[in-house]
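Structure, as structure tokens:
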Amino acid sequence: MIVVLLLTSILLVTLDLRDSGFVSGVRDTFGTVFRPVERLTNVVTKPVSNAWRGVLDYGELRKENLALKDLLVKQEGTAIAAAASVREAQELLALNGLPTLAGIDSVTAQIVGQSPSNFSQTFELNRGKSSGIRVGMTVTNGAGLVGKITDATLERSVVMLATDPEYAIAVKVGNCPANATTTTAATTTTSLPAETTTTAAAAPSSTPDGVTTTTLPGETTTTSSTVPPTTTTTTSTTTTTSTTTTTLPKPTTTTIKGFTPFSTTLPPRPGGSGSQITIPETGGLVPRETGAMEGRGIGRTPIIRFVQASERLGALCEGVPVVTAGGSQSLAPPDLVVGTVARVVNRKGTAGPLLEVDLAANLGSLNFVRVLLYQPATEIPR
Amino acid sequence: MKRFFAIIESPATRTFLLGLVVLSFQTTLFNTLRPFGVVLQVMLLFSCASGVAAGSEAGAVAGFIFGLMYDMVLTAPMGLSAVVFGFAGYMAGGVNAFVHEARWWAKIIAVALATATAVLLYPAASLVVGVDGLLGSRIVTVALACAAFNAVFAVPAARIARWALVKPVRQAVWAE
């Protein structure tokens with residue numbers, strides 16, 4: 001009898017791992033039988049659950065509620081600004097014919113159950129196939145990526161969280177941006193006699209990308225340059241024998257941590273107030289690395305593997321954003337917020353560093369989630 | 001009619017019905033009560049209790065049925081909990097092989113040991129079928145919490161399991 005049971009288990013595991021229709025059919029049938037019993041038990045045991053929560057979680061909930069109220073006030077302004085930026089970005093992507101999240105329909109669903117296992121991290125949603133939900137679809141909340149649908153019946157579906165050991169997704173990680181330099185006042189007024197040429201160049205010796213302006217004789221001109229904060233070299237070259245007077249006020253530089261350092265400040269018009277327009281240089285955009293994010297189970301942050309550290313691309317550091325990579329084989333559409341890099345673990349050899357990810361979505365207190373009605377090509381049944 | 005009642009009274013039907021009720025408690029009440037963040041394993045408790053109540057072989061079969069039912073609501077490969085719970089039932093039933101009539105404390109120890117073993121065995125079995133990442137230091141907390149809880153409720157659970165598994169000597173009057 002024991003041998004029969006063992007063989008049956010092996011058979012079932014094999015069938016399930018090979019995505020057998022028989023196993024999923026049995027699961028669906030059992031779900032239909034079990035659901036009414038579960039609902040009835042839920043009604044009966046609800047008072048006990050509520051009492052338990054009331055006794056243990058009341059104080060914590062009060063504190064959390066107050067903290068959340070404060071946080072909400074702070075976030076409101078930021079959210080409005082962010083929404084405007086997102087809209088702009090989506091318009092730009094649409095203009096360039098690039099895929100955006102705006103074009104993907106979604107369904108809002110509520111979490112109605114949690115996995116009773118100590119090992120798997122899944123939630124049950126109150127929406128299923130009747131709402132268009134299919135296996136493989138991405139689940140998000142207001143903050144970012146939550147997980148993916150692993151099972152869907154007519155009215156219910158199961159979400160596997162991004163922290164589950166079985167979850168993996170391709171992501172993009174921004175490299176560590178150098179400290180930004182903004183030039184707030186770099187106006188130069190040069191009065192030159194006739195036939196005098198003055199060249200004002202401000203550039204570090206290592207990167208000769210300073211702005212050079214040649215002034216015409218008898219003109220008054222203004223020059224504005226972006227100067228890196230560490231090394232500033234100002235040269236004044238006179239090519240004629242006549243006297244040259246050049247005044248170059250030292251630019252005021254402000255260092256902003258984590259801000260992209262690429263910007264060219266256009267020279268203000270003569271007689272203007274020195275207002276500046278900044279244009280991002282495409283060549284200076286912070287490069288992104290692609291890796292595979294994998295869950296590691298309850299209480300452990302997901303990690304990103306296969307990220308090659310490259311001098312050419314720059315260093316990886318904590319705090320940089322992590323977004324989905326997208327692509328035809330990816331589980332999620334591109335540029336969906338995942339979180340930020342919490343820790344960089346450098347490894348020897350060619351293994352590349354490991355990145356621990358702090359997920360943007362708080363998976364410990366999920367209630368309503370959004371299912372993107374985007375089924376990846378890899379999840380469509382053959 | 002007599003045949004119908006015979007089916008209803010059979011250990012297999014009783015075990016299935018018991019499993020259905022216990023599973024509903026597992027997915028509702030015990031899913032909410034999470035001491036130290038651990039989900040208490042009532043299905044495992046009844047698997048072990050079945051072994052204590054009716055012997056190793058009956059415990060293995062009951063554990064297999066309970067595990068299979070549990071697998072139906074999990075996303076883990078089907079059959080994994082079945083084999084682990086079946087082993088737990090068989091192991092807990094071993095107490096009857098060593099002792100002629102096991103005392104209450106022997107039953108408690110058997111259930112606690114079988115529970116802890118099953119909790120530790122599950123990630124190892126998962127690893128065999130390719131589900132990685134379940135083995136960690138947290139497993140010790142889970143095993144201890146589940147073993148302690150199951151030890152406390154071992155005796156009443158064994159009585160319920162006995163009702164389900166041991167065929168009554170006399171049929172009910174209405175079944176005659």
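Taking amide H as placed 1.01 Å from N in the peptide plane, A:TYR374 has its amide H under 5 Å from the amide H of A:THR138, each at least 5 places away in sequence or on another chain. Normalising the average separation of contacting C-alpha pairs (under 8 angstrom, six or more residues apart) by the number of residues puts the relative contact order of region B:4-116 at 24 percent.
Counting Cβ atoms of other protein chains within 10 Å of each Cβ in A:116-129 and taking the mean gives 5. Listing B:VAL152, B:VAL52 from fewest to most neighbouring C-beta atoms within 10 Å gives B:VAL152, B:VAL52. Counting, for every residue in B:42-48, the Cβ atoms of other protein chains within 10 Å of its Cβ and taking the mean gives 0. With the helix formula -39500 (n - 2.57) applied to DSSP H stretches of n ≥ 4, chain B reaches a computed 222 nm mean residue ellipticity of -24000 deg cm²/dmol.
Per-residue shielding of B:19-25, expressed as the average number of other chain Cβ atoms within 10 Å of the residue Cβ, stands at 5. Annotation: the residues B:ILE108, A:ILE304, sorted from fewest to most other C-beta atoms within 10 Å of their own C-beta, follow the order B:ILE108, A:ILE304. For a modelled paramagnetic label at A:MET1, 7 Å from Cα along Cα-to-Cβ, the residues of region B:36-68 in reach, with backbone nitrogen under 18 Å, are B:46-68.
The simple Förster model, with R0 at 56 Å and r as the Cβ-Cβ distance, assigns B:VAL99 and A:VAL86 a FRET efficiency of 0.20.
When the alpha carbon gyration tensor of region B:45-176 is reduced to an equivalent ellipsoid, its three semi-axes come out at 27, 18, 11 angstrom, largest first. Taking amide hydrogens as placed 1.01 Å from N in the peptide plane, the amide H of A:LEU355 sits under 5 Å from those of A:ILE304, A:VAL345, each at least 5 positions away in sequence or on another chain.
Computed from the coordinates by the stated procedures, all read-outs in this text should not be read as laboratory data. None of these values were measured; they are calculated from a predicted model. We place every Cβ from the backbone using ideal geometry, glycine too, and count neighbours over all the protein chains shown.
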